[in-house]
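Student: Got a structure here, written out as structure tokens. Questions coming.
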Amino acid sequence: MLHVYGIPNCNTVKKALDYLRRKNLPFMFHDVKKEGVTLHQLQTWADVLGKENLLNRKGTTWRALTESEKMQADTLEGALSLMRQKTSIIRRPIVEWPDGRLTVGFHETDFPS
């Protein structure tokens, strides 16, 4: 079973979930805002995808951060801590595929047809 991590009102997450439903692919959805995300999960994602691929520096949550909070994201430890505290700065969706792959964002080419 694949796991999709994100925020339900995010347009990119909505596109990904709609795509999965159209293709009749079963999935479990994890709302990172309501259910949170563990440091272990974030570390695993960062190891595979890279810290910069996880960090959403374009959204309103990022823009609302103080300069010192933004500087915290310069280190992996600081970025992971910030993502745990403010889950809206995690790029989404994060998809854990049954074959062990991880993807971030929604690109139809990453999803089965």
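Student: Could you go through the stretch 43-58 in sequence order and give the Karplus-derived ³J(HN,Hα) for each residue, using 6.51 cos²θ - 1.76 cosθ + 1.60 with θ = phi - 60°, rounded to whole Hz, and x for Gly and Pro?
Tutor: 4, 4, 4, 5, 4, 8, 9, x, 4, 5, 6, 8, 8, 8, 8, 9
Student: What is the calculated FRET efficiency for Glu108 to Glu69, with r their C-beta to C-beta distance and R₀ = 41 Å, to the nearest 0.05?
Tutor: Working: r = 34 Å, r/R0 = 0.83.
So, using R0 = 41 Å, E works out to roughly 0.75.
Student: Among the lysines, which have Cα under 22 Å from the Cα of Lys58 when same-chain residues fewer than 8 positions away are ignored?
Tutor: Lys14, Lys15, Lys33, Lys34, Lys70, Lys86
Student: Considering every pair of different Cα atoms, what Kirkwood radius, in Å, is found for the stretch 10-101?
Tutor: Details: mean 1/r = 0.0709 Å⁻¹.
Averaging 1/r across every pair of different Cα atoms and inverting gives 14.1 Å.
Student: A further question follows. Only helical DSSP H runs with n ≥ 4 go in: add -39500 (n - 2.57) per run for the chain, normalise by residue count and round the 222 nm mean residue ellipticity to 500 deg cm²/dmol. Intermediate results must be reported in sequence, preceding the final value.
Tutor: On the way: 7 runs with 52 residues, N = 113.
Estimated from H runs of four or more residues: -12000 deg cm²/dmol.
Student: For His3 and Lys86 in the same chain, what is the full-extension length gain: residue separation times 0.36 nm, less their Cα-Cα distance, in nm? Can you show the working numbers first?
Tutor: Details: separation 83, 0.36 × 83 = 29.88 nm, distance 2.06 nm.
Net length gain for the segment: 27.8 nm.
Student: Could you identify which residue out of Thr38, Thr12, Thr103 has the top mean-square fluctuation in a GNM of the chain using Cα springs shorter than 10 Å?
Tutor: Thr38
Rule-based calculations on the coordinates, nothing more; no lab input. Remember, it's a predicted structure, so these values are computed and weren't measured experimentally. Every residue, glycine as well, gets a Cβ built from its backbone with ideal geometry; the counts of neighbours run over all protein chains shown.
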